[in-house]
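S.K.: Structure in structure tokens, see below.
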């Protein structure tokens, strides 16, 4: 199976929205209850179009279909799609001082555990290193934590992703030196 990793383009967004929903609903079932999953899809998870504009968001393709996506960011935001933004400027990070952010990783459930996430992480790490960053930071959901741990990321602390109505999604703040 040949997997190609390339930069995402705006024309990919519709496909990515469907992939994200399928990924979260299927791969989060063992970790979160339905109410948390649906709330996170509405209020947190989704496309951050700034990553596509910054050319720091990747898609993985095989057999002519997009099967995964994820990116890194040179901006302060740690997680969340466009729906989490409040028309504020997302300040740039300082390479060599700040840690770049690993962001918005999703793999289609039919393609999970086939190395897709690792291929995208590798592309992100290489690009962030080329941009002068020496550290990466992220917020890992419970289903994502095993992937990041396997790729050398260390848990810094437990984290709660806030959701409406006083709910939250348990997660971990993680980091890796590159």
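The values are calculated or read from the model by the stated rules, or taken from the named source; none is laboratory data. No experiment lies behind these values; they were computed from the predicted model shown. Reconstructed Cβ throughout: ideal geometry from the backbone, glycine too, with neighbour counts over all protein chains shown.
S.K.: I'd like the residue in segment 96-125 that is in contact with a helix residue (DSSP H, G or I) (Cβ under 8 Å, 6 or more places away or on another chain) and part of a loop (DSSP other than H, G, I, E, B) and, out of all such residues, is surrounded by the fewest Cβ atoms within 10 Å (Cβ to Cβ).
M.R.: 112
S.K.: Out of all the residues in segment 49-95, which are farther than 14 Å from residue 120 by Cα, at pLDDT 95 or above and assigned to a loop (DSSP other than H, G, I, E, B)?
M.R.: 54, 74, 93, 94, 95
S.K.: Within segment 138-178, track down each residue that is more than 15 Å from residue 78 (Cβ to Cβ) and touching a helix residue (DSSP H, G or I) at 6+ places or on another chain (Cβ under 7 Å).
M.R.: Correct list: 143, 147, 151, 163, 164, 167, 178.
S.K.: Please tell me if residue 21 is in a helix (DSSP H, G or I) and surrounded by 18 or more Cβ atoms within 10 Å (Cβ to Cβ).
M.R.: no
S.K.: Still on this structure, please answer the following. Restricting to segment 125-156, count the residues that are on the phi > 0 side of the Ramachandran plot and in contact with a strand residue (DSSP E or B) (Cβ under 6 Å, 6 or more places away or on another chain).
M.R.: Residues flagged as on the phi > 0 side of the Ramachandran plot and in contact with a strand residue (DSSP E or B) (Cβ under 6 Å, 6 or more places away or on another chain) within segment 125-156 amount to 1.
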